1. What do you get for GluC sites (Glu not before Pro) in the stretch 1-78 restricted to DSSP loop and a cutoff of at most 11 other Cβ within 10 Å of the site's Cβ?
2. Please find the FRET efficiency linking Ser109 to Leu11, where r is the Cβ-Cβ separation and R0 is fixed at 30 Å, and quote it to the nearest 0.05.
3. If exposed trypsin sites (Lys or Arg not before Pro) are those in a DSSP loop with at most 11 other Cβ within 10 Å, what is the longest stretch of the chain that has none?
4. Give me the percent of accessible area attributable to carbon and sulfur for the chain, probe 1.4 angstrom.
5. Take the Cα radius of gyration of the stretch 50-119 and divide it by 2.2 N^0.38 Å, with N its residue count; two decimals is plenty.
6. Over the chain, with a single point scatterer placed on each C-alpha, what log10 of the ratio I(q)/I(0) does the Debye formula yield at q = 0.09, 0.23 1/Å?
7. Probe of 1.4 angstrom, ligands and nucleic acids ignored: what's the accessible area per residue over the chain, in square angstrom?
Amino acid sequence: QVQLVESGGGLVQAGGSLRLSCTASGLIFSNYALGWFRQAPEKAREFVVAISWSGAYTYNDDSVKGRFTISRDNAKNTVYLQMNSLKPEDTAVYYCATGSNLLRIRRHSGVDYWGKGTLVTVST
(Lines give C-alpha, C1' and ligand atoms only; values in the text may rest on other atoms or scores of the structure.)
Protein backbone atom coordinates (compact mmCIF):
# COMPACT_ATOMS: atom_id res chain seq x y z
CA GLN A 1 0.00 0.00 0.00
CA VAL A 2 1.30 3.46 -0.91
CA GLN A 3 2.26 5.69 1.99
CA LEU A 4 3.73 9.18 2.15
CA VAL A 5 4.92 10.24 5.59
CA GLU A 6 5.95 13.84 6.27
CA SER A 7 8.16 14.96 9.12
CA GLY A 8 10.05 18.04 10.27
CA GLY A 9 7.23 20.44 11.03
CA GLY A 10 7.15 22.49 14.18
CA LEU A 11 7.28 25.96 15.68
CA VAL A 12 9.84 28.45 14.42
CA GLN A 13 10.34 32.20 14.74
CA ALA A 14 10.01 34.48 11.73
CA GLY A 15 13.25 34.55 9.79
CA GLY A 16 14.17 31.04 10.85
CA SER A 17 14.48 27.81 8.89
CA LEU A 18 12.99 24.34 8.80
CA ARG A 19 13.53 21.29 6.63
CA LEU A 20 10.60 19.04 5.88
CA SER A 21 11.01 15.46 4.74
CA CYS A 22 8.61 13.09 3.03
CA THR A 23 9.41 9.40 2.75
CA ALA A 24 7.43 7.20 0.38
CA SER A 25 6.81 3.48 0.29
CA GLY A 26 4.80 1.14 -1.90
CA LEU A 27 5.59 2.85 -5.22
CA ILE A 28 8.39 3.22 -7.75
CA PHE A 29 9.65 6.50 -6.40
CA SER A 30 11.71 7.61 -9.40
CA ASN A 31 8.68 7.40 -11.72
CA TYR A 32 6.87 10.27 -9.99
CA ALA A 33 7.10 14.01 -9.90
CA LEU A 34 6.91 15.22 -6.31
CA GLY A 35 5.47 18.32 -4.77
CA TRP A 36 4.54 20.20 -1.64
CA PHE A 37 1.22 21.88 -0.97
CA ARG A 38 0.07 23.82 2.05
CA GLN A 39 -3.19 24.77 3.68
CA ALA A 40 -3.34 27.72 6.03
CA PRO A 41 -6.10 28.12 8.63
CA GLU A 42 -9.44 28.93 6.98
CA LYS A 43 -7.88 28.91 3.51
CA ALA A 44 -7.84 26.52 0.55
CA ARG A 45 -4.99 24.14 -0.09
CA GLU A 46 -2.44 25.70 -2.45
CA PHE A 47 0.52 24.57 -4.50
CA VAL A 48 3.98 25.50 -3.20
CA VAL A 49 6.76 23.77 -5.15
CA ALA A 50 7.41 20.63 -7.21
CA ILE A 51 10.28 18.70 -8.74
CA SER A 52 10.31 16.50 -11.84
CA TRP A 53 10.88 12.76 -11.78
CA SER A 54 14.41 13.31 -13.13
CA GLY A 55 15.19 16.07 -10.65
CA ALA A 56 16.22 18.32 -13.54
CA TYR A 57 13.32 20.76 -13.28
CA THR A 58 11.50 22.53 -10.49
CA TYR A 59 8.57 24.92 -10.32
CA ASN A 60 7.54 27.10 -7.40
CA ASP A 61 4.89 29.57 -6.41
CA ASP A 62 6.02 33.20 -6.41
CA SER A 63 5.31 33.51 -2.70
CA VAL A 64 8.23 31.21 -1.84
CA LYS A 65 10.65 32.01 -4.67
CA GLY A 66 14.18 32.37 -3.36
CA ARG A 67 13.22 31.06 0.08
CA PHE A 68 12.11 27.45 -0.39
CA THR A 69 14.09 24.73 -2.15
CA ILE A 70 12.83 21.28 -3.09
CA SER A 71 15.16 18.32 -3.60
CA ARG A 72 14.88 14.56 -3.83
CA ASP A 73 16.95 11.49 -3.02
CA ASN A 74 15.62 8.55 -5.00
CA ALA A 75 17.91 6.12 -3.19
CA LYS A 76 16.12 7.01 0.05
CA ASN A 77 12.63 7.43 -1.46
CA THR A 78 12.59 10.88 0.11
CA VAL A 79 11.76 14.41 -0.99
CA TYR A 80 12.81 17.44 1.04
CA LEU A 81 11.61 21.00 1.43
CA GLN A 82 14.20 23.41 2.80
CA MET A 83 12.42 26.52 4.07
CA ASN A 84 14.44 29.63 4.85
CA SER A 85 13.47 33.17 5.84
CA LEU A 86 10.15 31.95 7.11
CA LYS A 87 7.27 34.39 7.47
CA PRO A 88 4.13 34.22 9.61
CA GLU A 89 2.07 33.82 6.43
CA ASP A 90 3.92 30.54 5.78
CA THR A 91 2.05 29.01 8.71
CA ALA A 92 0.10 26.04 7.38
CA VAL A 93 -0.20 22.29 7.24
CA TYR A 94 2.26 21.13 4.58
CA TYR A 95 1.40 18.12 2.43
CA CYS A 96 3.65 15.93 0.32
CA ALA A 97 2.19 14.68 -2.98
CA THR A 98 3.05 12.65 -6.07
CA GLY A 99 2.06 13.18 -9.71
CA SER A 100 2.88 11.89 -13.16
CA ASN A 101 4.70 15.04 -14.26
CA LEU A 102 5.65 18.54 -13.15
CA LEU A 103 2.68 20.27 -14.77
CA ARG A 104 0.02 17.84 -13.62
CA ILE A 105 1.13 17.86 -9.99
CA ARG A 106 0.39 21.58 -9.78
CA ARG A 107 -3.29 20.72 -10.07
CA HIS A 108 -5.15 18.87 -7.34
CA SER A 109 -6.69 16.62 -10.00
CA GLY A 110 -3.19 15.65 -11.11
CA VAL A 111 -2.11 14.38 -7.70
CA ASP A 112 -1.94 10.61 -7.37
CA TYR A 113 -1.15 10.29 -3.66
CA TRP A 114 -1.20 12.59 -0.65
CA GLY A 115 0.56 12.48 2.67
CA LYS A 116 -1.31 13.32 5.85
CA GLY A 117 0.54 16.58 6.41
CA THR A 118 2.84 18.19 8.96
CA LEU A 119 2.13 21.47 10.74
CA VAL A 120 4.48 24.44 10.38
CA THR A 121 3.86 27.40 12.67
CA VAL A 122 5.85 30.61 12.22
CA SER A 123 5.64 33.03 15.12
CA THR A 124 6.30 36.77 15.13
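1. Glu42
2. On the way: r = 33 Å, r/R0 = 1.10.
So, using R0 = 30 Å, E works out to roughly 0.35.
3. On the way: sites that count: Lys43, Lys65, Arg107, Lys116.
The segment 1-42 is the longest one with no such site.
4. On the way: 3110 of 6690 Å².
Answer for the chain: carbon and sulfur cover 47 percent of the accessible area.
5. On the way: Rg = 12.3 Å, N = 70, 2.2 N^0.38 = 11.1 Å.
Compactness ratio reported: 1.11.
6. Results for the chain at q = 0.09, 0.23 Å⁻¹ read -0.21, -1.42.
7. Details: 6690 Å² over 124 residues.
I get 54 Å² per residue for this part.
The values are calculated or read from the model by the stated rules, or taken from the named source; none is laboratory data. Every value quoted in this text rests on a predicted model; they were computed, and no experiment measured them. Neighbour counts run over all protein chains shown; Cβ positions are idealised from the backbone, glycine included. Quick note on the areas: whole protein, heavy atoms, side chains included, nothing else; ligands and nucleic acids left out. Shrake-Rupley method; radii C 1.70, N 1.55, O 1.52, S 1.80 Å.
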